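Input: a single structure, listed below in structure tokens.
The values are calculated or read from the model by the stated rules, or taken from the named source; none is laboratory data. If you're wondering where the values come from, they're calculated on a predicted model, not measured in any experiment. Ideal geometry is used to build each Cβ from the backbone, glycine not excepted, and the neighbour counts take in all protein chains shown.
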Amino acid sequence: MKKIFTIMLMAVAMAMPSQAQTKFGIQAGVNLTNISDFSFSQSGVENAIKNKAGFFVGPTVKFTLPIVGLGIDASALYDQREGKIESNGESKALKSQSIQIPINVRYGFGLGSLAEIFAFAGPQFGFNIGSKTKELVDDVAQWTLKSSNFSANVGIGATFINHIQLKVNYNIAFGKTGEVEVKDAASTVWKTVTGAKENAWQISAAYIF
């Protein structure tokens, strides 16, 4: 898996023009997750979702292109998102752990030599590395995560003294992040009854070397 992430980041780097300026850094932040379209009423179980904060951390690389204001950021982040489901008087934690690879196009303008404000957007590729299933109701309903997911980022940020970078963005999931499955009353076969998406507001800080 590590080889895949390394190859993807190398591919981005090789695609950059030779005149591009490259800087590396470390990024960390919090996820404010919104689990949407989540329901398994078909199983006869009442439920309610409470979203919780998670976090992400990992290396990042910043490319400044030979076009004024334009650049590309790419990262390989360990990402943890959490939620809590309450059903039939019981509370179960939902947690996803993944490696997320965002590749964002950035456009900014300087405020003198001390700061830059920028907007960014781009795709994000995720690979699940944690447990894929969670029992919601014992032997009745379970939550199953997808092995991979695709999302997109839209956000704004600022860089100070060329080293400190602050960002806020919304991460939008395309397709289902996971599915709720219930067991057929007449057999031991699990069947999918609904899916859900994990969208998230993200606030992060990075130090660029």
Sole residue being at pLDDT below 60 and of a type in the set (Phe, Trp, Tyr), chosen from PHE38, PHE56, PHE24, PHE63: PHE38
The one condition in (1) over 11 Å from the mean Cα position of the chain (by Cα); (2) modelled with pLDDT of 95 or more that GLN202 fails to fulfil: (1)
Residues satisfying the stated conditions in region 66-103, i.e. at pLDDT below 70 and either surrounded by 16 or more Cβ atoms within 10 Å (Cβ to Cβ) or touching a Leu at 6+ places or on another chain (Cβ under 8 Å) (or both): SER87
LYS134, sole failed condition from (1) of a type outside the set (Gly, Ala, Ser); (2) surrounded by 15 or more Cβ atoms within 10 Å (Cβ to Cβ); (3) under 14 Å from GLY71 (Cα atoms): (3)
